[in-house]
Amino acid sequence: MRIFLILVLGFFAHISVALAQNTGGVFPPMVNEGHRSAQFRIAVDPDGNNNDFRYASRLHYQQAINDDFMWRVIGQANNRGDNDVKFDFVQAELFWELSNRADKTKTGLRFDARYRDDNRPSQLGVNFMNQFDLGDGIRARALALTSWQFGDNAKDGINLLTRWQLAKSLPKGATFGVELYNNYGNTNNIRGFENQSHTIGPFMALPLDGVSIFAGPLFGLTDASPDMEARLWLTRKFD
């Protein structure tokens, strides 16, 4: 595990960073009472150009209210190609688990409120979360995400996305799997498949001395998708 961490950090240290788009994840619907954690994420795209963001990074903190509800706050910044890290957005989220502890299929909702500055639109979101226990340590997740813009330069219509994950648990808390991200665009102007963003890639998650690491690339499936994105998350739980 330590060797894996060194290799991952070395990859990010030497990569020629450019466009970063996806700091999101395929989040679970479960809420565990007493949970508290903080997480740092970074995403880079080595195939971007100087007119694009060089990278995006985000920091979030989340805490369960009880066995059904959890809140989270997120701050994200990025580099827009001028070697100057700038504020991207701040977002508040509320998770609501709808399933029971004994259910093999877990479901839930997440409500989002995002603020941006510089005459960029803010947005509200409602997301539907599902996790399926397939047995033998294998799970599947399926998310449907929606958001509505408001404020300066807001677009009409609803933004539509889906996210998918298939994962296998290993001994000592490790997990590996594959994820798929689909951005279909806005209902006011749904474009053809090649003009939508669709990415897929493997991931590995490992617990390391009180901190867990998640890493993996995403590869573009369409002309409008980035060719490759690299992602690294570090999570610290608080007992």
Within 11 Å, Cβ to Cβ, of GLY177, how many net charges do the neighbouring residues add up to if Lys/Arg are +1 and Asp/Glu are -1?
+2
Accessible area per residue of the chain at 1.4 Å probe, in Å²?
52 Å²
In whole Hz, what ³J(HN,Hα) sequence does the range 212-219 give by Karplus (6.51, -1.76, 1.60; θ = phi - 60°), x for Gly and Pro?
9, 10, 10, 8, x, x, 10, 10
Is the range 170-239 best put as rounded, prolate or oblate by its Cα gyration tensor, with a ≥ b ≥ c the root eigenvalues, rounded for a/c under 1.5, and otherwise prolate when a/b is larger than b/c, oblate when not?
prolate
Enumerate the amide H contacts of LYS155 below 5 Å, restricted to partners 5 or more residues apart or on another chain; note that Pro and chain-start residues carry no placed amide H.
GLN149
For the range 136-145, just list the computed ³J(HN,Hα) in residue order, Karplus coefficients 6.51, -1.76 and 1.60, θ = phi - 60°, integers in Hz, with x standing in for Gly and Pro.
6, x, 9, 9, 10, 10, 9, 10, 10, 10
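Sort the chain into rounded, prolate or oblate with this rule: let a ≥ b ≥ c be the square roots of the eigenvalues of the Cα gyration tensor; rounded if a/c is under 1.5, and if a/c is not under 1.5, prolate when a/b is larger than b/c, oblate otherwise.
Rounded shape, in that the Cα axes give a/c under 1.5.
So which of LYS106/LYS168; LYS86/LYS155; LYS86/LYS168; LYS106/LYS172 end up more than 26 Å apart, counting from Cα to Cα?
LYS86/LYS168
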Return the single residue from ASN119, ASN195, ASN100 with maximal mean-square fluctuation; model: Gaussian network over the chain, springs between Cα atoms under 10 Å.
ASN119
Tell me which of PRO226, GLY201, PHE214 sits at the most positive position along the dipole axis of the range 172-239, charges placed on C-beta atoms (Lys, Arg +1; Asp, Glu -1).
PHE214
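The values are calculated or read from the model by the stated rules, or taken from the named source; none is laboratory data. Model, not experiment: these values are computed from the prediction. Cβ atoms come from the backbone with ideal geometry, glycine included; neighbour counts cover every protein chain shown. All accessible areas refer to the heavy atoms of the entire protein, side chains included, with ligands and DNA or RNA removed. Shrake-Rupley method; radii C 1.70, N 1.55, O 1.52, S 1.80 Å.
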